[in-house]
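Participant: Structure provided below as structure tokens; questions to follow.
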Amino acid sequence: MNSSIFTKGIVTIMMALILCVVYSSCSNDNDNNVIVPEIIDESKVPEISVPAGSEDFFAKGLDFDSPAAEKKITFTTNVPWTISVSNTNGENDWLSVSPTNGDAGTHNITVKVNANQTYDNRNSVLTISAGDSIRKVFINQKQLDALTLTANRFEVPVMGGTVNVEVKANIDYQVIIPDEYKSWIHIVNNSTRSLSTSFVSFSIDKSEDYDKREGKIIISSKGKEEIVTIYQTGEGILTLTKNEFNLSNSSQEISIEINSNFDYAVEMPAVGWVKEVSSATRGVSSHTLRLKIDKNDEYEKRTAKVRIYDLHSILSEFIIINQEQKNTISLDSKEFEFDERGGQFSVNVSSNVNYNVRINCDWITETTDKTRSLTMISHSFKVSSITENSDREGTITFSDTSTGIKESIVVRQKRAFYFDNTSLTLTEGGQATIKLTNKTDQSVIWASSNTAVATIDNTGQIKAIGKGNAIITAKTSDDQYTCKCNIIVKNITDYISARNIGGSISSFNGLIQYGSILNWRFSNNSSETVKLKTMQLIDGQTGKEGNVMSIEIDVLANSSVSYSTTIGILGIHAPVTCRFKYEYKDKEFSIDAVYSNNW
């Protein structure tokens, strides 16, 4: 119908042009007879259509099983119509159609088939003609042993999907996917088949092809087969490794990897500072697009777009190139490293903007303060020595607030000669080895500020001699590196404690009665072992000493022992003292624990 309208439209336009010429000629001859072009009534253009709600057998055809049957076709025309029957097998006595002609309007046509007693399919074509509009209906009748598909053509989108094939059969059948299609068509569900309707599902993979592809599925039985055709649309694939570049103002080259499944085209921007380095044949696969970017000598940033596109679709990608203006801050060095001694360094700054210098720590200071102009300036900085027990890192930033341009220097200070510990606490008579990290090539000189408290040998072993403080110093033989460690030596008595921990007491007028029990605890909080020798009660009023209780046990580092004492017949006055005697490094010490009557 559309073709007819288009043709008649052209004829109308041509007639109008001809008539205009005629009219013009008549006017020149002063002839008042004007030929008016005929207006075409498009409602009379022959048309055959399917009413809403009716099955479109023009698109899908009529399929009959082998038994005799009839089906109806509903259509609408706006002009008189006729039906003719053709037959691919040279006969059509098995097929009848009623009626075969009629006027404009909606019509129901009955299509009847006789029983097919043969073992061959029968086919025919009904041609419905209305003026110059023609519609065809394909008539198929299965052989006696029928294998029928309700649909044998499927359209699948590029992303893939699932296809459900409805199989109507009165015989058993098998499903075959030819090898050339197995890579993208997969059977999902092959239901148990019986002599009735069944469904077979297939999954279709996403297509990586640009063009439409076609696959086949074979449903077969007893030498007969039905072909299911899968049509899958293609789609252009176009990916870039990078879509945007932010570049300095210098001349440079950039590369973009392009992956596509079609021959892509490149549209360069209408600027002179972006050029394609090479224009090798572009095809289906991964290719490298190389672009040369000229130096920007202007005082403004600039941007250009390169378009990668498909000549046959709207698919395209843009490469955005942003290039900095001429205003820049350039540093001749961006990293500096010092040891714990610190030092000085200089950096040359080339810039055409007035910049500020900001240091993010207090151990780096600038030693120059020059008026800056649009030339190269040398800045000097001082790095102080390390006082803390760790490495450190600082940043110096040169920035221009008006343009936002900035560059930074990183300053790292790493110790080359240091103790792992800056302070150690030892017990008198104890030993420890202090670890020294020496990254210099110098030998080490060791010293103690107070040998009566602690000594040090050439291996770093410290001996605690007596209670007090001493500074252990290590320095290199060239006297360039020094580190110190504070040594605190404590007496064993600083770690020993004793106390009363309760008991069962009976007292009268401050006299603790016979049979009362007092509990005591002796604690060793040092890292050494001490020997507890004895314990003894002392009367708090008379000072009379009780029996000495021999213990003779080792009390290990960071441990305690507890004992109970029983009061004799005479009793004892509070406050009661329990005196513990212990031995450490062949020296004897004592400590008292006191019980008062108010605990």
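The values are calculated or read from the model by the stated rules, or taken from the named source; none is laboratory data. It should be emphasised that the depicted structure is a prediction, and the values quoted were computed from it without experimental measurement. Positions of Cβ are backbone-derived with ideal geometry, glycine not excepted, and every protein chain shown enters the neighbour counts.
Participant: Pick from the stretch 290-315 the residues that are in contact with a strand residue (DSSP E or B) (Cβ under 9 Å, 6 or more places away or on another chain) and among the hydrophobic types (A, V, I, L, M, F, W, C): which of them is farthest from residue 244 (Cα to Cα)?
Facilitator: Applying the filter and picking the extreme gives 311.
Participant: Here is a follow-up. I'd like the residue in the stretch 251-278 that is over 15 Å from residue 318 (Cα atoms) and at pLDDT below 90 and, out of all such residues, is surrounded by the fewest Cβ atoms within 10 Å (Cβ to Cβ).
Facilitator: 278
Participant: Something else about it: Can you tell which of 479, 457, 420 is farther than 26 Å from residue 587 by Cβ and free of Cβ contacts under 8 Å to residues at least 12 places away in the same chain?
Facilitator: 479
Participant: Determine whether residue 378 is surrounded by fewer than 15 Cβ atoms within 10 Å (Cβ to Cβ) and either hydroxyl-bearing (Ser, Thr, Tyr) or within 30 Å of residue 484 (Cα to Cα) (or both).
Facilitator: Taking the combined requirement at face value, the residue satisfies it.
Participant: Suppose the filter is in a strand (DSSP E or B) and touching a residue at least 60 places away in the same chain (Cβ under 8 Å); does residue 484 pass it?
Facilitator: Spelling it out, residue 484 is indeed in a strand (DSSP E or B) and touching a residue at least 60 places away in the same chain (Cβ under 8 Å).
Participant: Restricting the stretch 311-330 to residues that are aliphatic (A, V, I, L, M) and part of a strand (DSSP E or B), which is surrounded by the fewest Cβ atoms within 10 Å (Cβ to Cβ)?
Facilitator: Among them, the one singled out is 320.
Participant: Follow-up. Tell me yes or no: at least one residue of the stretch 169-176 is surrounded by 18 or more Cβ atoms within 10 Å (Cβ to Cβ) and touching a strand residue (DSSP E or B) at 6+ places or on another chain (Cβ under 7 Å).
Facilitator: The answer is yes; a qualifying residue exists.
Participant: Looking only at the stretch 336-362, which residues are part of a strand (DSSP E or B) and loosely packed, with under 15 Cβ neighbours inside 10 Å?
Facilitator: Scanning the stretch 336-362 gives 337, 343, 344, 346, 348, 350, 356, 358.
Participant: Looking at the stretch 115-132, is at least one residue in a loop (DSSP other than H, G, I, E, B), within 30 Å of residue 228 (Cβ to Cβ), hydrophobic (A, V, I, L, M, F, W, C) and outside the structural domain of residue 219 (by TED's automatic domain parsing)?
Facilitator: Yes, because at least one residue in the stretch 115-132 is in a loop (DSSP other than H, G, I, E, B), within 30 Å of residue 228 (Cβ to Cβ), hydrophobic (A, V, I, L, M, F, W, C) and outside the structural domain of residue 219 (by TED's automatic domain parsing).
Participant: Residue under question is residue 333, and the condition is that it be surrounded by fewer than 12 Cβ atoms within 10 Å (Cβ to Cβ), out of contact with any helix residue (DSSP H, G or I) (no Cβ under 7 Å at 6 or more places or on another chain) and outside the structural domain of residue 274 (by TED's automatic domain parsing); does it hold?
Facilitator: yes
Participant: Taking the stretch 562-597 only, how many residues are of a type in the set (A, V, I, L, M) and in contact (Cβ under 8 Å) with a residue 60 or more places away in the chain?
Facilitator: Qualifying residue count, the stretch 562-597: 6.
Participant: Scan the stretch 279-299 residue by residue and report those that are of a type in the set (D, E, K, R), modelled with pLDDT under 90 and either closer than 16 Å to residue 320 by Cα or within 35 Å of the chain's Cα centre (by Cα) (or both).
Facilitator: Selection gives 282 alone.
Participant: Now for a different question. Over 30 Å from residue 438 (Cβ atoms) and touching a Leu at 6+ places or on another chain (Cβ under 9 Å): is that true of residue 566 in this structure?
Facilitator: For residue 566, the condition - over 30 Å from residue 438 (Cβ atoms) and touching a Leu at 6+ places or on another chain (Cβ under 9 Å) - is met.
Participant: I would also like to ask the following. Taking the conditions exactly as written (in a strand (DSSP E or B) and either farther than 30 Å from residue 492 by Cα or at pLDDT 95 or above (or both)), does residue 365 satisfy them or not?
Facilitator: So residue 365 fits the description; yes.
Participant: How many residues, within the stretch 368-399, are modelled with pLDDT under 90 and touching a Lys or Arg at 6+ places or on another chain (Cβ under 7 Å)?
Facilitator: Residues in the stretch 368-399 being modelled with pLDDT under 90 and touching a Lys or Arg at 6+ places or on another chain (Cβ under 7 Å): 2 in total.
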